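Read the figures in this text as sums done on the coordinates, not as results from a lab. Given the structure is predicted, the values throughout are model-derived calculations rather than measurements. Glycine also receives a Cβ, built like all others from the backbone with ideal geometry; neighbour counts cover every protein chain displayed.
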Amino acid sequence: MVAQMIKTTRLILLLAAAGAMALHAADDAQTLAQRHVDVIRTGNLDKLIADYADDAVALTPPGLFSSRPATEEGIALGKADIRKLFEMLCGPKYFTAVKGMDARIEKVSDTVAILHWVQFKGTAQQLSGEDVFVTKNGKITVQWLGPGTPDAPQPPAKNVAPAKKK
């Protein structure tokens, strides 16, 4: 009976240690950026904000967010501000674009990743841009949300006969 209790205790301790190691394994920037894309598409703000450090900073294109002048970059400081930013981006005005964006994550290093995104792909409203994620200890510490650049696909050029030389 004592031998069985010792085996059971060892097994419990081994499982607890394995669980603790899994919990403390820090995700790299690419993993965090991919999870960000996956979660933002669902609109789950609690899960989205959980990946940000308490003192994280998000920088936005001019006029998108914050009380700063519309000509200056917006700044969201800390989780509460970042939540407000993503409440807006997951709100009715932007969520269709966010939910349907095409995304590709480029790993720059373990702590830096670039999200290349396209919204409304193939339509006259097509926008593309890049966001940069900087991470530390498995948390997003800085996110720069790049401005979207209109880049709608152009219709194919009509075949035009070359001008005749005189």
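Observations on the model:
- Placing R0 at 25 angstrom, the Cβ-Cβ distance between residue 125 and residue 75 gives a FRET efficiency of 0.40 after rounding to 0.05.
- Modelled label positions at residue 151 and residue 109, each set 7 Å beyond Cα in the direction of Cβ, lie 2.6 nm from each other.
- A simple count of charges around residue 141, restricted to other residues whose Cβ falls under 12 Å of its Cβ and scoring Lys, Arg +1 and Asp, Glu -1, yields 0.
- Placing a label point 7 Å from the Cα of residue 54 along the Cα-to-Cβ direction, the residues of the range 120-151 whose backbone N falls under 17 Å of that point are 136-142.
- Sites listed here are trypsin sites (Lys or Arg not before Pro) in the range 28-101 whose DSSP assignment is loop and whose Cβ has at most 10 other Cβ atoms within 10 Å: 93.
- Links that overshoot a 23 Å alpha carbon limit, given the list 47/99; 79/121; 47/84; 79/136; 47/139; 84/107: 79/121; 84/107
- Restricting the GluC sites (Glu not before Pro) of the range 19-114 to loop positions (DSSP other than H, G, I, E, B) with no more than 13 neighbouring Cβ atoms within 10 Å leaves 72.
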